[in-house]
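As structure tokens, the structure follows; a few thoughts come after it.
Bear in mind these aren't lab numbers, they're just calculated from the coordinates by the rules spelled out. The structure displayed is predicted, hence computed values, not measured ones. In this analysis, Cβ positions are derived from the backbone assuming ideal geometry, glycine residues included, and neighbour counts consider all displayed protein chains.
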Amino acid sequence: MRAYWFVAIGGGVGTLIRTGISTLYPLAHGFHTVWINIIGSFLLAMLFTLMPAHNDRMRSLRLLLGTGLLGGFTTMSTFSLDIVKLLAGNEWAIAAIVVCASIVGGLLASACGFWLGRKLRGENA
């Protein structure tokens with residue numbers, strides 16, 4: 001039951017951070033969502049590389065920061081809605097750019113986070 005509290009608290013904070021960034025730095029066509037998802041992908045990969053779940057403390061931190069905070073920070077539903085709104089407005093090219101930037105950017109950011117996490121742990125990347 002304690003694990004659910006870690007996820008709930010982290011998720012609440014993550015959604016507040018995402019909303020704050022989206023409000024303070026609005027970008028046209030949902031590109032703030034692209035950047036949030038890329039940053040979140042990097043941080044999540046680095047977090048899970050630096051914090052293997054080998055004990056209860058690490059598992060709790062991963063739930064709080066990874067599943068909760070970064071899960072609340074990044075969002076597939078906002079990404080999907082941004083794309084549907086672009087398509088509804090006949091902005092097909094921009095929708096395609098957002099989809100490609102999100103997927104490729106997220107994968108590259110995850111790979112970089114994984115690589116950096118391994119480097120910080122002293123492993124060969």
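One table, with the values for the structure above:
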| read-out | value |
| --- | --- |
| Linear extension gain, Ser22 paired with Cys100, 0.36 nm per residue minus alpha-carbon span | 26.1 nm |
| Relative contact order for the chain, counting Cα pairs under 8 Å that sit 6 or more residues apart, in percent | 40 |
| DSSP H segments from the chain that extend 24 Å or more along their own axis, Cα-based, with Kyte-Doolittle mean of -1.0 or above | 2-24, 31-50, 92-120 |
| Order of Leu61, Leu120 under a 10 Å beta carbon neighbour criterion, fewest first | Leu120, Leu61 |
| Area projected by the alpha carbon convex hull of the chain, averaged over all directions, nm² | 8.4 |
| Segment 53-114: radius of gyration over Cα atoms, expressed as a fraction of 2.2 N^0.38 Å | 1.50 |
| Cα-centre dipole for segment 1-111 with unit charges at Cβ (Lys and Arg positive, Asp and Glu negative), debye to 20 | 360 |
